[in-house]
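Structure first, commentary second.
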Amino acid sequence: MTDKPANAMWGGRFQMSPAEIMQEINASIGFDKRLAPQDIRGSKAHAQMLAEAGILTKSDAKEIVKGLDQVQAEIDAGTFEFSVALEDVHMNVENRLKTLIGAAAGRLHTARSRNDQVATDFRLYVRDAIDGIDAALERVQQALAEKAEAHAATVMPGFTHLQPAQPVTFGHHLLAYVEMIARDRGRFADARKRLNESPLGSAALAGTSFPIDRKRTAEALGFDRPMANSLDGVSDRDFALETLAAATITAIHFSRLAEEIVIWMTPQFGFVKLSDRFTTGSSIMPQKRNPDAAELARAKVGRIAAAFQGLAMVMKGLPLAYSKDMQEDKETTFDALASLRLVMAAMAGMIGDLEPVPEAMRAAAGRGYSTATDLADWLVRELKMPFRDAHHVTGSIVKAAETKGLDLDKLPLADMQAIEPKITKAVFSVLSVENSVKSRTSYGGTAPQNVLKMARHWLRRLEKGRAKG
């Protein structure tokens, strides 16, 4: 019985084809085919550099670039046939190129390895993904800032421990997420800056003896510089880890906002409404309106965080330089970044669609003695009472109001004076939720004038960023 002929891509070292299960575990084309655009960009830059360095003839380079353009066109048209037998995107592209242009295709791989090739492709992919993520994050910020501007004075309860704490405005609450997302964008920008070095030309691990111009290919691909160490060039994946870490933190922020939307939509809260566009019904309970888009956005953080942890576990014990383990770097990264893109699109849509219910928010803001801190501050400011003493007096007044089943601003002055005789009727000026939020004028505070100013600041800043971009 004769074995099947060896895969020609392996050269003369192997005489037999791999076992079926070996082929299945070894092949990555099922997921790395999405790197085809980046692979073709890298190959074109490499071919042009080889020609400029005199390693390839200009006619061969021209044929290679022309052939790669045709391969890309076939991929775009959906007519390209990817083969599992050819293992990965690199071999699939090269094999098709050989069919199209003949022997010149075999010269493309001069002075490079699949090791630096895939490292370059993956960096290009992650860089492209970061650029798309940044644009999507900007859209979410825009939606939040616009809603904050419209509701700069809409009073709602602020919570700690999910208990009523102090009144805030809905606009102020939304702007907190604008700030979080600004830091998320900063993390992605930092990751992009660090990853923007080219591994191409590192070859398998030791560089190459050919007189290549790595600065030329780095420049052609939009990298700031070539990586300075060939071992690092082929074995580094911290750029993916850093991007996944930034994605995880971003997804956590969106999960928190999604959780709040879920809570706010319950009848017990009734703070916001979402239209049919972002809710679903029940197969058995006709009254239901479920915030499924928010719930799914909340859940996606699990996949994204798992991708970070998974890649960390792949990389933690690998010696330099390349090991096949690193094939496991891409599939979960692709999934995580796609999941984040979906979450961002859903959140931007929900925020634009979301309508607050001001009367429900206002009623809830007054419950739970949320202006107690305002009373304590008044005692300090007007009666010159030490804050700890004011805290104690306020606690006693809250207890008296609770005993009578009254809100603080409905408790008779005489009852307050029974606890602290120096209290005057002027105290009522700080006990309403409206006056409470108006008084929070410190920088970053919830006073409506602050919120309106900050919302407009963000809208101008975002517009300026788009104009610059």
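The values are calculated or read from the model by the stated rules, or taken from the named source; none is laboratory data. Worth saying up front: this structure is predicted, and the values here are computed from it rather than measured. Note that we place each Cβ from the backbone using ideal geometry, even for glycine, and neighbour counts take in every protein chain shown. Areas reflect the complete protein model, heavy atoms only, side chains present, ligands, DNA and RNA absent. Shrake-Rupley method; radii C 1.70, N 1.55, O 1.52, S 1.80 Å.
Annotations for the structure displayed:
For (1) modelled with pLDDT of 95 or more; (2) within 23 Å of VAL168 (Cβ to Cβ); (3) in contact with a Leu (Cβ under 8 Å, 6 or more places away or on another chain), each residue gets a yes or a no:
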position	(1), (2), (3)
ALA364	no, yes, no
ARG381	no, yes, no
SER396	yes, no, no
LYS410	no, yes, no
LYS425	no, no, yes
ASN435	no, yes, no
GLY444	yes, yes, no
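- Residue count for region 269-303, restricted to those that are exposed (fewer than 15 other Cβ atoms within 10 Å of the Cβ), closer than 14 Å to ALA346 by Cα and aliphatic (A, V, I, L, M): 2
- Taken as a whole, the condition of being closer than 25 Å to GLY465 by Cα and either part of a helix (DSSP H, G or I) or at pLDDT below 95 (or both) applies to LEU144.
- Extreme residue, nearest to the chain's Cα centre (by Cα), among residues of region 382-398 that are exposed (fewer than 12 other Cβ atoms within 10 Å of the Cβ) and charged (D, E, K, R): ARG388
- Single residue of LEU411, LEU452, LEU406 found to be open to solvent by less than 40 Å² (accessible area, probe 1.4 Å) and hydrophobic (A, V, I, L, M, F, W, C): LEU411
- The set of residues in region 313-337 being exposed (fewer than 15 other Cβ atoms within 10 Å of the Cβ) and of a type outside the set (Ser, Thr, Tyr) consists of MET313, LYS316, GLY317, LEU318, PRO319, LEU320, LYS324, ASP325.
- The residues of region 71-105 that are in a helix (DSSP H, G or I), surrounded by 14 or more Cβ atoms within 10 Å (Cβ to Cβ), free of Cβ contacts under 8 Å to residues at least 60 places away in the same chain and not charged (D, E, K, R), listed by number, are VAL71, GLN72, ILE75, HIS90, VAL93, LEU97, LEU100, ILE101, ALA104, ALA105.
- Number of residues in region 25-50 that are aromatic (Phe, Trp, Tyr) and buried (at least 22 other Cβ atoms within 10 Å of the Cβ) equals 0.
- Criterion applied to GLY132, GLY222 was being within 27 Å of GLU259 (Cα to Cα), touching a helix residue (DSSP H, G or I) at 6+ places or on another chain (Cβ under 9 Å) and surrounded by fewer than 18 Cβ atoms within 10 Å (Cβ to Cβ), and the one residue passing it is GLY132.
- Residue count, region 147-164 (criterion: part of a strand (DSSP E or B), open to solvent by 30 Å² or more (accessible area, probe 1.4 Å) and touching a residue at least 40 places away in the same chain (Cβ under 8 Å)): 2
- Taken over region 197-208, the residue count meeting the criterion of being open to solvent by 30 Å² or more (accessible area, probe 1.4 Å) and polar (S, T, N, Q) is 1.
- Of all residues in region 173-196, those being in a helix (DSSP H, G or I) and open to solvent by less than 50 Å² (accessible area, probe 1.4 Å) number 14.
- The combined condition, being among the charged types (D, E, K, R) and open to solvent by 10 Å² or more (accessible area, probe 1.4 Å), is not fulfilled by ARG123.
- Test for ALA53: is it open to solvent by 30 Å² or more (accessible area, probe 1.4 Å), of a type outside the set (S, T, N, Q) and touching a residue at least 12 places away in the same chain (Cβ under 8 Å): yes
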